[in-house]
1. In the P(r) worked out for chain B, what percent of Cα pairs fall beyond 16 Å?
2. Based only on Cα atoms, what Rg/Rh ratio does the protein assembly as shown have, Rh being taken as Kirkwood's radius?
3. Whole-Hz ³J(HN,Hα) for each residue in the range A:198-211, computed from phi via Karplus 6.51 cos²θ - 1.76 cosθ + 1.60 with θ = phi - 60°, x for glycine and proline: what do you get?
4. Which stretch or stretches of the range A:198-227 have amide N atoms under 18 Å from the point lying 7 Å from B:V53's Cα along the Cα→Cβ direction?
5. Indicate the helices, whole DSSP H runs only, in chain B that combine a mean Kyte-Doolittle hydropathy of 1.6 or more with a Cα extent along their long axis of 15 angstrom or more.
6. Quick one: of A:K88/B:K5; A:K133/B:K5; A:K97/A:K178; A:K133/A:K178; A:K88/A:K178; A:K97/B:K21, which pairs are farther than 26 Å apart, Cα to Cα?
7. Given points 7 Å out from each Cα along the Cα-Cβ axis, report the A:Q217 to A:A56 separation in nanometres with one decimal.
8. Taking the Cα-to-Cβ direction at A:V230 and at B:Y12 and moving 7 Å from each Cα, how far apart do the two end points lie in nm?
Amino acid sequence: MTAAVWGVVIAAFVASFVEMVEATTIVMAMGFTRGWRSALLGTLAAVGALAVVTVAAGYAIATWLPESVLQLVVGCLLLIFGLQWLRKAILRASGRKAVHDEDAIYQKEVAAAEAAGKGAGGLDMFGFMVSFKGVFLEGTEVVFIVITFGLNAHNVPAAALGALGAIIIVPAIALAAKRPLSMINENMLKYVVGLLLASFGTYWSVAGVGVFRAGHQVLSWPGHDLAILVLLAVWFALSRVFIAALRDRSPREQEKVTA
Amino acid sequence: MRYLKAFGQFWYEFVIGDDPKIAAAVVTALAVLVAALSIGLFGEVGLTVLGGVLIVAAFAVTLFIDTRPRVNRDR
């Protein structure tokens, strides 16, 4: 495998890993409090719905969207996702936003599950619906990452392989640990994913702007694919500068950013 | 209509998220790059570098807005 293919596999794996940790936390909270039957059925239903969405979205994008437009649109979306994650990572690292706590989220889900009343039917609809919604929402992001990374790199199987690795590994870790995955440093993972998505997103969105010139050819970065590594280094260096600057600036007047 | 609204809401939250400033920053930076392209400001290499610089600058502006000191109006 070339470095570019490894990059797609690793990027898809790490991004999917973070989403899977969040989905697993929700399913575990429902399983331990409302029963595993409803939690697992909700998960299976969400996986089925995701399969339909994946096939429909993949077919529509590959069939109807010209490649140059695709590069611009998905580049923009990846960049928006990446910068949102990077923004939160910078604000958390500089002490301006509360750190993401998987244990606290688990306890919140458990409290909500315990407070909800039991239905009369055989299947616990609360556990089913919360599991379904959690897996479907986080899974949609995984599907989106696989489609965009895969189509842009002309290698959907590589992106799917990375995502599949995360889909297998995260539940396996949770099953072995039998508790929420708070031991995983999710804040650090989100920082890494933010850097990756921002770098790939910058590369593709800027290249995609070429659709506005005569001939509609994408803009070519100096060094081609190697420019992604340069962008990664630039985003990393800039994020450290932002973190240091925000830490230094009036620490006593710091306000937690609510968004 | 309710389902249509929920569908739109889902995609808004999925794409724009909890901070519309980021999406606005990305669109603004790329719009400026398109303008630079259309007037032939730079060559191909210059345009890609300009695009990168514009995106970084736009992101820095959103961070500045998020973290700027706020005046306490209650005093």
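Since every read-out is calculated from the coordinates, none of them should be taken as a lab result. Only a predicted model underlies this, so the values are computations on that prediction, with no experimental measurement involved. For neighbour counting, all protein chains shown are included, and Cβ atoms are generated from backbone atoms with ideal geometry for every residue, glycine included.
1. Numbers: 1781 of 2775 pairs.
So the portion of pairs separated by more than 16 Å is 64 percent.
2. Values: Rg = 21.2 Å, Rh = 21.3 Å.
My calculation of the ratio gives 0.99.
3. Residue by residue, the range A:198-211 yields 5, 5, 4, x, 4, 4, 6, 5, 5, 4, x, 4, x, 5 Hz.
4. From the range A:198-227, the list is A:202-203, A:206-207, A:220-223.
5. Details: long enough: B:2-15 (20 Å, -0.08); B:20-38 (27 Å, 2.02); B:44-67 (35 Å, 1.91).
Once both thresholds are applied, what remains is B:20-38, B:44-67.
6. Numbers: A:K88/B:K5 28 Å; A:K133/B:K5 17 Å; A:K97/A:K178 29 Å; A:K133/A:K178 22 Å; A:K88/A:K178 29 Å; A:K97/B:K21 17 Å.
Checking Cα-Cα distances, A:K88/B:K5; A:K97/A:K178; A:K88/A:K178 exceed 26 Å.
7. 3.9 nm
8. In this crude label model, A:V230 to B:Y12 measures out at 4.0 nm.
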